[in-house]
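A single structure is presented below for examination.
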Amino acid sequence: MTAHTLTRTPLNPPQASFVLGKKIGSGGFGSVYRAHRKGQPCAAKECFASYADLSNAAVKKEIAILQQLRHRYIIQYFESLEHDGHTYILMDLAEKGSLAGAIARGEVMDWPTKTRIAHEIARGLEYIHCRDILHRDLKTANVLLTRFMEVKLCDFGLAKVKTISASSSSAASTGGFKGTLRWAAPEALDVRPKYSKKSDVYALGMVMWAMAANYPEPFHDQQDNMVVAMLVRSGEREEIPKDTPAEYHSWIKTCWHQDPEQRPNASDIVLEDDIMIGSHFDTLSPSMSLDPSIFDSIRNRQAVCGLDGALDKLTIADGFEGKPNNEHNNNSSSSNINRDILRRSHGSKDGGKGDEVIGYLRKMASKGNADAQLVLGWMCDHGVAGSTEDAPLWYRKAAQQGHSTAQLRLGRMYEGHRGSSDPNHSNSEAAKWYRMAAERGEAQAQLRLGVFHFHGRGVVQDEAEAAHWFRQAAEQGVAKAQFNLGLMYSRGQGVEQSDVDGASWMRQAAEQDMVEAQFGLASMYTDGRGVEQSDERAATWYRRAAEEGHSAAQLHLGLMYTQGRGVEQRDTEAVVWLRRSADKENSEAQVQLGIMYETGRGLDQNYAEALAWYRRSAALANATAETRLGEAYNFGNGVDRDWAIAAWWYRRAADHGDAYGQQCLGMLYEHGRGVERSSQEAFTWYRRAADQGHAGAQKCIARMYVQSVRDRRDDAEAIAWRRQAIGQDDAVAQYYLGWLYFRGREVEQDYVEAMVWLRMAASHGDADAEFFLGRAYANGQGVAQSDVEAAGWYHKAATHGHSGAQGSIGWMHDLGKGVDQDDQLAFEWYTKRATRGDTSELFNLGSMFELGIGVKRDEKKALSLIRKNETWDPSARFHAEWLSSPDYRSPKNDSDAIILYLEGAAKGYVAAEHNLGRMYEKGRGVQKDRTQAMEWYGKAAEQGHRNSLQRLAFLTKF
């Protein structure tokens with residue numbers, strides 16, 4: 001790229017035309033005064049003594065840069081002069097002063113205003129960057145505001161014109177760091193600072209943060225600049241307020257990225273007031289409450305760096321899409337105005353063609369040609385010709401002739417507070433001109449008028465009127481209007497609620513590739529609202545939006561891959577989409593990605609990575625992430641256990657309203673872990689969670705009432721809280737209440753009521769309730785005794801993983817009690833219980849290996865299992881003694897086993913007596929004989945063999 005050379009300013013203005021007024025501010029090189037130049041107000045920048053000489057390199061540099069800049073959002077340079085021994089640079093007057101001053105004064109700026117200011121700063125940067133100029137000192141103090149709150153970038157004293165086409169320039173040769181440290185990019189704070197266009201973009205991110213946080217400068221609580229530099233170089237940034245709109249938030253994070261290559265170009269940063277009426281689609285599940293992007297790309301993303309092509313850009317960007325009207329179309333010259341202007345602008349080969357075009361436009365405009373007035377207004381509006389303050393004048397002339405596009409442009413100027421400093425007046429004027437254009441069929445004006453009526457901007461808030469204008473624009477194919485109308489039908493706002501109509505309009509917008517509508521339509525397919533429920537179609541639309549970079553769609557598509565909904569279940573693919581969303585600072589996606597790392601799903605398990613993603617999400621005030629971090633420190637998952645840090649994270653989650661975090665914090669207070677023990681604090685946090693409907697916290701409160709942790713024991717209160725937990729369909733609470741009625745604890749014993757609650761819990765798959773019902777039927781407690789019913793409930797609980805039930809159903813298959821006798825099934829259930837770490841079935845398993853019942857005989861395996869249980873089970877000790885004695889040998893078959901066990905019994909081995917009972921009971925090696933089995937079990941039981949006693953009791957009963 002060819003470098004722009006700096007030209008010298010003539011220093012011969014008429015001194016008498018300059019009148020200096022009062023001081024209104026100060027900058028890096030001097031004070032700024034209100035002044036008059038040729039009778040017109042302006043700003044006069046008085047250079048400090050060290051810069052007072054116009055030959056000073058720094059002053060010459062700023063003047064040279066300013067004089068070649070002519071843009072709507074850049075301070076306009078007039079001239080430089082020496083007056084009364086001082087040097088002055090005369091520029092536009094920005095009546096509102098600096099953005100820093102506005103923030104410091106506490107001036108209220110709504111999000112649309114902040115968004116517009118950020119957008120205008122980006123456009124100013126885009127303009128200077130396309131001329132290879134770096135600002136290098138962008139900050140709120142160097143962003144001036146006109147009386148219409150329009151941006152003017154100023155103070156180019158540290159700006160640099162790049163003389164090479166490299167992406168960055170070293171400051172080493174110019175004395176190191178340039179700019180204001182607190183706004184400087186990390187690379188500018190290195191030992192050998194490097195500046196690039198991306199350094200200015202970083203500063204824009206900081207300016208956006210300052211507006212969001214309402215602080216004039218970043219790191220306001222840190223006095224030491226060296227500490228600030230260290231923090232910035234290490235990647236630390238200010239915390240972005242949680243009420244910041246999602247897209248604004250995303251641009252801040254992107255702009256101040258640590259890696260310059262990951263920052264956008266100024267031309268990529270597009271921020272304008274939202275056209276859509278909703279920032280999110282409200283049919284999402286509560287766990288997926290999201291705030292997807294709502295900011296729309298303006299149609300002209302390229303700054304006007306010169307006149308060439310500007311008219312072509314005008315046609316493309318602003319469209320001239322309003323319907324023709326008779327008032328100005330009957331003018332024969334106006335019907336060919338655009339074609340004629342284009343011919344004249346491109347027909348001349350000399351450098352004066354721009355002046356020729358402007359002159360031609362002024363001639364036609366003065367004759368009342370509305371098209372020429374519109375184009376001239378646009379050129380003034382974009383700093384191509386005349387003053388930006390002339391733009392509304394030309395727009396108004398065309399608008400008053402009924403030119404719908406001019407009416408639309410004039411409405412937008414008022415909406416941006418550029419026609420009046422009074423926001424209320426600006427909005428009402430904007431609404432007036434939008435209505436005129438809308439009534440003439442201007443689709444974009446119909447859209448804006450709908451937005452105004454929806455929000456009550458400048459007009460009475462009227463959702464029905466909003467829906468009317470959205471429909472007018474939607475029927476002309478405006479995607480955003482179709483999307484808005486779809487939302488209103490789905491919500492019943494201004495129209496009769498109809499999910500079918502909502503989905504219809506949403507589909508039309510989605511098919512025009514509007515990603516918000518694609519996401520909304522996918523959500524409707526997910527929930528079956530207005531369309532037939534279809535996970536497959538939902539996944540298709542999520543994918544279309546996700547591939548366009550829609551963060552929420554990427555999250556949902558990732559979740560669908562984790563669940564196998566609408567797509568083949570693939571954790572690796574889920575990780576891909578979750579990471580894309582997480583990289584866009586979607587805090588929910590960051591939590592989900594952390595869970596994938598923590599559980600090792602779709603990638604190698606990595607606690608460090610999991611915690612890193614949780615912390616990144618927590619930095620965005622995601623309460624779930626904060627709770628996950630609390631869990632990590634509470635239980636030592638991936639970090640050293642530290643209850644104090646766990647309490648800190650739980651408190652953050654609790655302060656953000658997370659009910660589970662509140663319950664966990666209550667538990668730490670109750671047990672004095674990481675915090676001073678306090679029953680009162682515990683109860684307070686439990687109560688906050690309980691008031692949100694958290695069943696676990698409600699049960700904790702009930703327990704505290706029973707344990708007299710409050711002033712007194714209060715069983716009635718305890719029961720009331722347990723019932724509240726049950727109201728959340730909490731199966732655990734239902735089971736516990738059933739248990740209380742069954743045992744007569746806290747309430748009067750009532751078997752009937754107990755069975756009601758136990759069955760209710762069991763219907764929700766609660767294994768404890770199923771096991772309890774099995775025992776009740778087995779023992780005939782509260783119900784008629786029934787082994788068949790008992791076996792049925794034991795089997796359900798065992799299938800749900802209940803260890804005790806697995807042993808019980810194994811025992812029933814072993815004995816043939818309530819079910820068919822089946823040694824193999826008994827062995828399988830005993831094994832399942834043992835593999836869960838329950839040692840109570842090790843004897844039964846060992847005995848089956850010893851006798852070859854349900855499994856191949858294996859004395860070594862039998863002895864190994866039995867010895868694990870011999871410390872507390874007398875039966876196991878008897879068999880360990882027998883299997884390891886010199887009198888034991890491995891039998892060849894069941895008949896040989898009978899001989900061996902008779903020999904052992906004769907020698908007093910209790911285990912041999914028990915085994916004979918089993919052999920007679922099963923008919924193994926001998927004829928099945930219940931009486932003989934009971935006799936041998938009786939002999940072993942007399943010696944203290946517990947398992948023999950249990951089997952004897954069963955045979956005696958049945």
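Bear in mind these aren't lab numbers, they're just calculated from the coordinates by the rules spelled out. Just so you know, these numbers come straight off a predicted model, no measurement behind them. So basically every Cβ, Gly included, is an ideal-geometry build from the backbone, and we count neighbours across all protein chains shown.
Using the Karplus curve 6.51 cos²θ - 1.76 cosθ + 1.60 with θ = phi - 60°, what ³J(HN,Hα) values do you get for each residue of segment 593-602, in whole Hz, with x for Gly and Pro?
3J(HN,Hα) across segment 593-602, in whole Hz: 5, x, 5, 4, 5, 5, 9, x, 9, x.
Tell me, what is the Rg over Rh of segment 614-672, with Rh the Kirkwood radius over Cα pairs? Walk me through the numbers before you get to the answer.
Numbers: Rg = 10.2 Å, Rh = 10.8 Å.
Rounded to two decimals, Rg over Rh is 0.95.
Report the gain in length on full extension from residue 83 to residue 889: 0.36 nm times residue separation, minus Cα-Cα distance, nm rounded to one decimal.
That pair, residue 83 and residue 889, stretches by 278.1 nm at full extension.
Taking the simple approach of a point 7 Å from Cα along Cα-to-Cβ for both residue 615 and residue 759, what is their distance in nm?
5.4 nm
Starting from the Cα of residue 856, step 7 Å toward the Cβ, then list every residue of segment 883-904 with an amide N under 18 Å from that point.
Output list for this probe position: 890-894.
Which of the lysines could a cross-linker bridge to residue 45, judged by Cα under 25 Å and excluding same-chain residues fewer than eight apart?
Qualifying lysines at Cα under 25 Å: 22, 23, 60, 61, 96, 139, 152, 160, 178.
What is the set of long-range amide H partners of residue 567 at a cut-off below 5 Å, with H atoms built 1.01 Å from backbone N?
It is none; the list stays empty.
Along the Cα→Cβ direction, 7 angstrom out, place labels at residue 464 and residue 366. What is the inter-label distance in nm?
Simple spin-label model gives 5.2 nm for this pair.
Determine, for each peptide in 77-88, 138-149, the mean count of other beta carbons within 10 angstrom over its residues, then list the peptides with the highest first.
Put in order of decreasing packing, that is 138-149, 77-88.
Please list 807-814, 381-388 highest first by mean number of surrounding beta-carbon atoms within 10 Å per residue.
Result, highest mean first: 807-814, 381-388.
Given a Förster distance of 60 angstrom, what is the FRET efficiency for residue 265 paired with residue 563, based on the Cβ-Cβ distance and rounded to 0.05? Don't skip to the answer; put the middle values down first.
On the way: r = 38 Å, r/R0 = 0.64.
Taking R0 as 60 Å, the efficiency between residue 265 and residue 563 is 0.95.
Now for a separate question. Output ³J(HN,Hα) for segment 382-397: one whole-Hz value per residue in order, computed from phi by the Karplus curve 6.51 cos²θ - 1.76 cosθ + 1.60 with θ = phi - 60°, and x for Gly and Pro.
These are the phi-based 3J(HN,Hα) values: 9, x, 8, 8, x, 8, 4, 6, 7, 4, x, 5, 5, 4, 5, 4 Hz.
I would also like to ask the following. Quick check on packing: order 187-197, 747-757 by the mean number of other C-beta atoms within 10 Å, highest mean leading.
So the order, starting with the most tightly packed, is 187-197, 747-757.
How big is the equivalent ellipsoid of segment 764-824 along its three axes, where each semi-axis is √(5λ) from the Cα gyration tensor, reported in whole Å from largest to smallest?
Values: eigenvalues 56, 44, 11 Å².
Its equivalent ellipsoid spans semi-axes of 17, 15, 7 Å.
For the modelled label position 7 Å from the Cα of residue 428 along Cα-to-Cβ, which residues of segment 382-416 have backbone nitrogen atoms closer than 15 Å?
Within reach of a label on residue 428, which here means backbone N under 15 Å from a point 7 Å along Cα→Cβ, segment 382-416 contributes 415.
For residue 583 and residue 720, compute 0.36 nm times the residue count separating them, minus their Cα-Cα distance, and round to one decimal in nm.
Working: separation 137, 0.36 × 137 = 49.32 nm, distance 4.62 nm.
Length difference between fully extended and current span is 44.7 nm.
Here's another thing I want to ask about it. Could you list which residues have their amide H under 5 Å from that of residue 32, counting only those 5 or more apart in sequence or on another chain, with H placed in the peptide plane?
Amide H neighbours of residue 32, under 5 Å, 5+ apart: 24, 25, 26, 27, 46.
At a Förster distance of 30 Å, what's the computed FRET efficiency of residue 400 paired with residue 147, Cβ-Cβ distance as r, to 0.05?
0.80
A further question follows. Per residue of segment 798-807, in order, report the coupling 6.51 cos²θ - 1.76 cosθ + 1.60 (Karplus, θ = phi - 60°) as ³J(HN,Hα) in whole Hz, putting x for Gly and Pro.
In residue order, the calculated couplings are 5, 4, 7, x, 6, 4, x, 5, 5, x Hz.
Pull up all non-local amide H partners of residue 79: gap of 5 or more, or a different chain, and H-to-H distance under 5 Å with H placed in the peptide plane.
The answer is 90.
Among 579, 615, which comes first, second and so on when ranked by fewest other beta-carbon atoms within 10 Å?
So the ranking, lowest neighbour count to highest, is 615, 579.
Would you list 45, 38 from fewest to most Cβ contacts within 10 Å?
38, 45
Sticking with the crude label model, points 7 Å out along Cα→Cβ, report the distance from residue 475 to residue 864 in nm, one decimal please.
Calculated label separation equals 8.2 nm.
For segment 840-958, state what percent of all Cα-Cα pairs lands in each successive 10 Å bin, counting from 0 Å until the bin that includes the largest distance.
In order of increasing distance, the bins hold 15, 51, 32, 2 percent.
Turning to a different aspect of this structure: Tell me, 135, 795 in order of fewest to most beta-carbon neighbours within 10 Å?
Lowest to highest Cβ neighbour count: 795, 135.
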